[in-house]
Amino acid sequence: MPIRVEIENLTKYYGKTLVLDSVNLQVREHEVICLIGASGSGKSTILRCITRLVPYDHGVIRLDGMNTDGASFGRNGLAKRIGIVFQAFNLFPHINVIDNITLAPCKVHGVQRKDAEAHAEELLALFGMSEFARSYPEQLSGGQQQRVAIVRALATNPEVLLLDEVTAALDPELIGGVLRIIRDLRERGMTMIIVTHEMSFARDVADRVCFLDSGHILEQDKPQKLFSRPEHPRTAQFLQRIIEAGRL
């Protein structure tokens, strides 16, 4: 499969703090990558750099071989090709579900309202959310809001989907529905980079798992190999703590 996203020597500082230290990563078309590691290891910052939500200090990020920081990519052009879903949902509370989903296609990408609504309704039906099309975010559970956030990210037909701890703010009984959607997207061939603390989920859904520590990708491998026979001592230490906490 061709390389869809390529990160080369990505370095990012927040003030004087080094957050990402010469990170290198390639993601192929239809591949699902899970980024794991302790809080503060740089996982979410990678996603924000890919989408240019935060600037980075050194390195290159390419989408289909093209530098995303170059003149060929405006912010809107990149947003259409890469979707991102955050932990905090970020739905607009004053408009209903269908309007949340169609806002970016209509306002940013110039899609006709009727076409955007038709596509939104198809996506809602696909994920069993049709009955909530006219509901407002406050009328939905956390799991339902997160599913709407995923649908909203898919509304521009992105080539790559980034998921940043999308289950972290949910009660345990609500997590399953969101994870089922992500599994379904995997079966449909969506290229995804997922930041997660759900180790069992990463083991089941990822083609490759990357372990980050202090801004470095210390180890990356197929999940069966990384979770059962990690090579780096820090990876083994991290996974042992996860096992002791009953999360793997």
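The values are calculated or read from the model by the stated rules, or taken from the named source; none is laboratory data. Keep in mind it's a predicted model, so treat the numbers as computed, not measured. Cβ atoms come from the backbone with ideal geometry, glycine included; neighbour counts cover every protein chain shown.
What to note about this one:
- Some residue of segment 167-178 being at pLDDT below 90, out of contact with any Cys (no Cβ under 6 Å at 6 or more places or on another chain), closer than 23 Å to A104 by Cβ and not hydroxyl-bearing (S, T, Y): yes
- Identity of the residue in segment 78-99, in contact with a helix residue (DSSP H, G or I) (Cβ under 6 Å, 6 or more places away or on another chain) and part of a helix (DSSP H, G or I), that ends up surrounded by the most Cβ atoms within 10 Å (Cβ to Cβ): V97
- Count - residues of segment 118-138 that are small (G, A, S), touching a residue at least 24 places away in the same chain (Cβ under 8 Å) and either on the phi > 0 side of the Ramachandran plot or surrounded by 19 or more Cβ atoms within 10 Å (Cβ to Cβ) (or both): 1
- Those residues of segment 107-117 which are part of a helix (DSSP H, G or I) and surrounded by fewer than 18 Cβ atoms within 10 Å (Cβ to Cβ), in sequence order: K107, R113, K114, D115
- Each residue in segment 12-38 was checked for being under 16 Å from the mean Cα position of the chain (by Cα) and part of a loop (DSSP other than H, G, I, E, B), and 4 of them qualify.
- Cβ pairs under 7 Å, 6+ apart, first in segment 36-48 and surrounded by 22 or more Cβ atoms within 10 Å (Cβ to Cβ), second charged (D, E, K, R): G37/K43; G37/D213; S41/D213; T45/K12; L47/D164
- Boolean, I7 is at pLDDT below 95 and among the β-branched types (V, I, T): no
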